[in-house]
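Worksheet: the structure to be examined is printed underneath.
Bear in mind these aren't lab numbers, they're just calculated from the coordinates by the rules spelled out. Every value quoted in this text rests on a predicted model; they were computed, and no experiment measured them. Here the Cβ positions follow ideal geometry from the backbone for every residue, glycine too, while neighbour counts run over all protein chains shown.
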Amino acid sequence: MSGAQVGTGSSARDAGGASAFPHILSPGRIGSLQLRNRMIMGSMHTRLETWDRPLEREIAFFAERAAGGVAMIISGGFAPSPEGRFEDDAPLIGPGSDLSYHRALTSAVKSYGTPFLMQLLHAGRYASLPDCVAPSPLRAPINRHTPRELQIGDVWRTIEDFGRAAALAREGGYDGVEVMGSEGYLINQFLAPRTNHRLDEFGGIFENRLRFALEVVRSVRRHAGSDFALIFRISALELVEGGMTGDEILRLAKALQLNGVDALDTGIGWHEARIPTVAYTVPRAGWAETARRLKSAVSIPVIATNRINDPFVAEQLVGGGSADFVSMARSLLADSDFVSKVEKGRPDAINTCIACNQACLDRIFLLDIPTCLVNPRALRELDIPILPAKRIERIAVVGAGPAGLAFATNAASRGHRVTLFEREAQIGGQLQMARRIPEKTEFDELLRYFSVQLAETGVELRLGADATPEALRGFDRIILATGVVPRLPDLPGVGLPHVVTYQQVLTGKVKPGQRVAILGAGGIGFDVAEHLIGVPGQAPQLDAFLAEYGVDVQSRERGGLRKPTQVPPASRQVTMMQRTSGKMGPRLGTTMGWIKRDRLLRAGITMLNSVTYRSVDETGVHIERDGKPQTIAADTVILCTGQESERTLQDKIGDLNVPIHVIGGADVAAELDAMRAIDQATRLALAI
């Protein structure tokens with residue numbers, strides 16, 4: 001299966017109802033647990049456990065997913081000892097833990113017949129604590145603290161900590177534990193020569209490096225019992241130099257099975273790896289081969305993970321023999337009813353995770369509680385409840401971009417009578433431009449979801465219709481979601497024919513020349529650059545992805561790394577410029593920014609910071625940099641210099657004497673921020 005594209009999902013949506021999913025809807029078993037289907041909610045860092053333990057919010061979040069029919073839920077990671085926490089207020093399960101908190105949470109989830117497992121995670125050298133520990137005193141490149149080397153007595157104490165934590169989890173009502181042994185955390189650090197330089201019985205040859213993981217598993221079994229479900233999250237592909245080889249990974253899997261592990265959950269890559277593992281640039285189910293390799297080596301169930309956001313892809317994985325179960329985390333942030341919609345034969349109604357990382361992983365790195373761009377209710381279920389409208393209103397919504405679509409569908413779902421006006425012949429607004437960026441094809445799913453929701457909630461959609469003051473007369477309320485227009489800088493020559501806006505380029509109205517200058521390196525500037533070097537609307541291709549990043553899913557060499565192929569140079573000469581100093585695109589998200597910069601640089605894109613724009617003429621862009629004048633030759637100059645809110649209609653309808661709300665880009669023009677637009681629109685729609 002190596003190099004094969006598992007599936008794209010959307011093209012197969014006409015395949016039928018629930019009968020299209022016989023494998024993922026079939027019951028299965030993990031240890032003593034009988035599971036209703038093959039779709040598991042994997043562990044996520046939600047930070048709900050770290051903010052004063054807001055138990056009601058946690059219950060609401062997990063219970064909504066349990067009610068949605070998922071087969072099993074695995075909690076966020078709980079450290080088995082204080083030095084194993086991510087940070088000072090990170091969750092801990094140990095002596096003195098409040099088990100009443102856990103019993104309330106597990107009781108709520110299990111009331112839906114859904115097994116609930118606790119993940120045990122020792123961060124090791126990833127802990128952002130000055131007293132962090134590791135097998136060897138080697139600082140992680142993503143941590144400023146150098147860990148203290150665990151002495152032999154500390155190693156055995158930590159092993160016992162895992163066992164006692166499992167016993168406490170059982171007392172707290174959990175049905176089992178998942179031991180985190182991947183992604184570069186403590187157990188993984190013992191396994192890999194990259195981080196284990198010990199010379200005692202826990203270091204050196206693989207049998208010694210393996211010992212810590214096996215002793216942890218034995219300790220869990222000894223303390224929690226043989227009938228307590230035990231999943232081990234195994235590092236199926238390391239993606240770092242000095243990681244395990246494929247042979248060592250399979251030997252580890254077999255040893256874990258022999259020592260009582262009930263199932264293997266596949267983890268991909270270390271957090272310090274410089275290869276994307278969950279972003280939209282990764283093909284759907286791009287790591288399926290790693291699960292298949294494990295499944296060929298063991299008889300216990302294997303769980304496939306990472307970039308599984310579509311039931312058709314999940315069905316191919318289980319039905320094709322790559323895995324016994326699929327684990328989805330962010331997909332269940334996006335839609336808590338993912339599984340129930342599959343059961344009802346309504347995959348078209350799923351609100352699909354678009355793998356943008358913007359509202360989930362990026363917020364985690366900002367030490368904030370995450371949510372979801374396409375579902376701002378995620379992890380805020382109590383703050384944004386869905387209740388029937390107390391008074392039904394006739395509401396006009398102007399603009400079918402992300403804000404207008406989110407408001408219209410949510411308001412109509414509560415009983416309001418909504419009419420949506422859109423000047424263009426199709427819905428989407430700025431989303432129509434986003435979907436033309438190479439490898440951002442997941443935005444097609446968001447458009448599909450909104451199309452289905454418009455029909456199901458009874459929104460009256462008027463395409464190709466101008467919302468004139470006369471057309472808006474008679475409504476009880478008007479929502480202006482008219483979006484943004486590109487901002488034109490005050491720059492001599494900006495009106496010349498070869499000076500165009502990002503909007504003209506991304507909508508296909510202008511075909512740029514061979515020498516292109518991009519003014520502005522925010523998110524839009526980077527999207528335009530990617531548009532220029534790739535194939536618009538093309539989904540990520542697995543073979544190309546693995547070759548580009550130098551990934552060998554067979555892990556013949558340590559870490560599964562090989563020499564990457566040379567990224568084909570851009571067919572155009574492209575120069576990106578920004579006025580600020582420092583790295584290009586400073587406001588790009590933490591998890592996507594480095595991917596975008598790296599890709600464009602490897603394609604030969606020139607990036608210039610600290611630029612002062614002077615003028616544009618037929619020869620190109622005249623700038624000043626480091627006090628020296630310079631001319632950037634260009635056939636086409638693309639303006640990515642910001643946006644302005646489009647509010648011209650607002651002044652024309654003030655005399656209608658009805659409440660008028662301005663949302664999305666029409667309210668605040670900022671980098672085409674779909675996350676903020678959908679959140680604002682959803683909150684307003686559920687409050688009226």
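Here are some notes:
- The stretch between residue 146 and residue 274, if pulled fully straight at 0.36 nm per residue, gains 44.0 nm over its current Cα-Cα span.
- Taking a point 7 Å from the Cα of residue 514 along the Cα-to-Cβ direction, the residues of the range 562-577 with backbone N closer than 15 Å to it are 570-574.
- Projected label points at residue 581 and residue 218, each 7 Å from Cα along the beta carbon direction, are separated by 5.9 nanometres.
- Taking Cα atoms only, the orientation of helix 590-602 departs from the longest principal axis of the chain by about 70 degrees.
- Stretch gain in nm, segment residue 348-residue 390, where the contour uses 0.36 nm per residue and the Cα spacing is subtracted: 12.1 nm
- Taking packing as the residue-averaged number of other Cβ atoms within 10 angstrom, the listed peptides 284-294, 67-77, 503-513 run from highest to lowest as 284-294, 67-77, 503-513.
- Available extension along the chain between residue 541 and residue 56 is 170.4 nm, counting 0.36 nm per residue and deducting the alpha carbon span.
- Within the range 639-682, backbone nitrogen closer than 19 Å to the virtual label 7 Å beyond the Cα of residue 473 toward Cβ: 649-660
- Relative packing of 397-406, 258-267, 141-150, which averages over residues the other C-beta atoms within 10 Å, highest first: 397-406, 258-267, 141-150
- Listed pairs 563/596; 509/652; 344/390; 440/583; 440/509; 110/341 exceeding 26 Å between Cα atoms: 509/652; 344/390
- Net charge of Cβ neighbours under 13 Å - reference residue 563; Lys, Arg +1; Asp, Glu -1: -2
- Residues 353, 132, ranked from the fewest to the most other C-beta atoms within 10 Å, line up as 132, 353.
- Cβ-Cβ distance of residue 205 and residue 565, R₀ of 30 Å, FRET efficiency by 1/(1 + (r/R0)^6): the value works out to about 0.30.
- Calculated FRET efficiency for the pair residue 424/residue 504, C-beta based, R₀ 25 Å, to 0.05: 0.95
- Simple spin-label estimate for residue 618 and residue 658 gives 5.4 nm between the two label positions (7 Å along the Cα-to-Cβ direction from each Cα).
- For residue 295, the lysines whose Cα falls under 20 Å of its own Cα, not counting residues fewer than eight places away in the same chain, are 254.
- When peptides 243-255, 610-622 are sorted by average Cβ neighbour count within 10 Å, with the highest value leading, the order is 243-255, 610-622.
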